[in-house]
Amino acid sequence: MSELRDRVVQATVRALERAETSLPDWVLKEIQEASDRESNALARQHLQFMLDNVRIAGQSRLPLCQDTGLPIFHVRMGRDLRLDGSIYEAIAEGVRIATKKIPLRPNAVHPLTRKNSGDNTGPGMPDIILDYVDGRGLSITAFPKGAGSENMSLVGMLNPADDPFDFIVRMVAERAANACPPLFLGIGLGGSFDLAARLAKRALLNMPGTSQEETQLLKRINSLGIGPMGLGGDTTALGVKIETALCHTASLPVAINFQCWASRSATEMVL
Amino acid sequence: MTTYRLETPLSCEDVEKLVAGDVVFLSGPLFTARDKAHALMRRAGCPVSLEGAALYHCGPIIQDNRVLSAGPTTSGRMARYTEEILKNGVRAIIGKGGLPGEPFRNKAVYLAYPGGCGAAAARQLVVLAVHLPELGMAESLWAFEARNFGPMIVAVDAHGKDLYQEVRRSAGTRI
């Protein structure tokens, strides 16, 4: 038991180290391609500075952004796997070690007293999205989420007669500048109030989308001209992913989870 | 679009010549302040002189007095304090996402540092001192020595031009 627990702890530390100091190759490729297409000189300069920043973070093995986020994880766990003890506790231990080692900024505070727990863990943190899969495998994806983009996220309980895409474009036009564009937009369409929000978070993990709706929405958002950091340009969003669920015949929940250009995530296979 | 290399403390002339869209690199002392430092300064006053200062909305990662990562935080959360901060003599507020432009008129500029670029920013900053350390690492008022800190875009100038507002207004017509 203790050997497997230790492997979970170490995998959590490794996943956080990679997630905080580098970006997935596909994200870097999206930024570079956007820079090649971008017609606004200032916007191109911003995109290149972002890529330079990721290179510096990788060379110095330091967090690419000082907002190292809240510790959010996506765990895929085999149904036949027997894990003595709590996987939550093992991942929390990994977060505490990573906070000192990388180091991470202690971001987790009580919502009312605003007292900082000091190690990014405590009631409700880390937040773990757990999926059971066939077999005996175990993988841990670190998905640290910064506040700049998370603060702009929202759930709208629309009238079924409303157009959800108009709502999304309007919200992005109002809020994008504060969320460190170019953005990745996780959209939860349908479900209930909270299911829509969970779908939107999952959409960020399944980025980018390639359906006709997703491609069209991305095109509409990029026609707004908001650009990198909200200072103008062709590149407002790099990816849109929509996850859907059935909803009540009287409801149309739409959740938008904003993600900044630095879409950080890293997966470690434990078993 | 002109590129300027300026030294802090900033003079009125430094600020007056800047036009929205210009690029600025700053050298010299720089102070950080975010949510808690602003709230505390409203109650208890500022522990340092802000005459001609550049105030950076930033919650850095510092280890053994070394700046490890120090990009900008969202300025909008501090919008309620802009007027009193500028009354203290601040001539440049640095952050991301912007602030309402009116309080800056004839007084100061808002400079946008590229968001998310904490590792790059850390290479341009050295710790001079820490004030209000009881607020914790991210919320303390850090005094940094800036070394060619930038590129920053003049997003709100002292003549009433606000790039964010122009972009938002134009986006509103394209929805």
Index of the failed condition, B:ASN106 passing every other in (1) farther than 27 Å from A:LEU51 by Cβ; (2) within 14 Å of another protein chain (Cβ to nearest Cβ): (2)
Every residue from segment B:74-97 that is closer than 27 Å to A:LYS145 by Cβ, more than 7 Å from chain A (Cβ to nearest Cβ) and of a type in the set (Ser, Thr, Tyr): B:SER75, B:TYR81
Selection from segment B:33-53 of residues that are within 15 Å of the chain's Cα centre (by Cα) and either under 18 Å from B:GLY118 (Cβ atoms) or within 14 Å of chain A (Cβ to nearest Cβ) (or both): B:ALA33, B:ARG34, B:ASP35, B:ALA37, B:HIS38
Within segment A:1-106, helices (runs of 4 or more DSSP H) holding 3 or more residues that are surrounded by 15 or more Cβ atoms within 10 Å (Cβ to Cβ), among the hydroxyl-bearing types (Ser, Thr, Tyr) and modelled with pLDDT of 95 or more: none
Yes/no for A:LEU231 being within 14 Å of another protein chain (Cβ to nearest Cβ), under 14 Å from the mean Cα position of the chain (by Cα) and in contact (Cβ under 8 Å) with a residue 40 or more places away in the chain: no
Residues of segment A:1-25 that turn out to be without any contact (Cβ under 8 Å) to a residue 60 or more places away in the chain and closer than 19 Å to A:CYS65 by Cβ, as a count: 1
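Yes/no per residue for (1) in a strand (DSSP E or B); (2) under 30 Å from A:ILE87 (Cβ atoms); (3) modelled with pLDDT of 95 or more:
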position	(1), (2), (3)
A:ALA196	no, yes, yes
A:ALA200	no, yes, yes
A:LEU204	no, yes, yes
A:THR210	no, no, yes
A:GLY233	no, no, yes
A:VAL240	yes, no, yes
A:VAL254	yes, no, yes
Test result for A:LEU218, more than 10 Å from every other protein chain (Cβ to nearest Cβ), within 21 Å of the chain's Cα centre (by Cα), without any contact (Cβ under 8 Å) to a residue 60 or more places away in the chain and at negative phi: yes
Test: residue in segment B:164-174 that is away from every other protein chain (no Cβ under 14 Å) and either within 16 Å of the chain's Cα centre (by Cα) or in contact (Cβ under 8 Å) with a residue 40 or more places away in the chain (or both): no
Answer residue from segment A:154-181, given it is in contact (Cβ under 8 Å) with a residue 40 or more places away in the chain, outside any helix (DSSP H, G or I) and away from chain B (no Cβ under 13 Å) and is surrounded by the most Cβ atoms within 10 Å (Cβ to Cβ) among those: A:VAL155
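The values are calculated or read from the model by the stated rules, or taken from the named source; none is laboratory data. Just so you know, these numbers come straight off a predicted model, no measurement behind them. With ideal geometry, Cβ positions are generated from the backbone for all residues, glycine too; neighbour counts draw on all protein chains shown.
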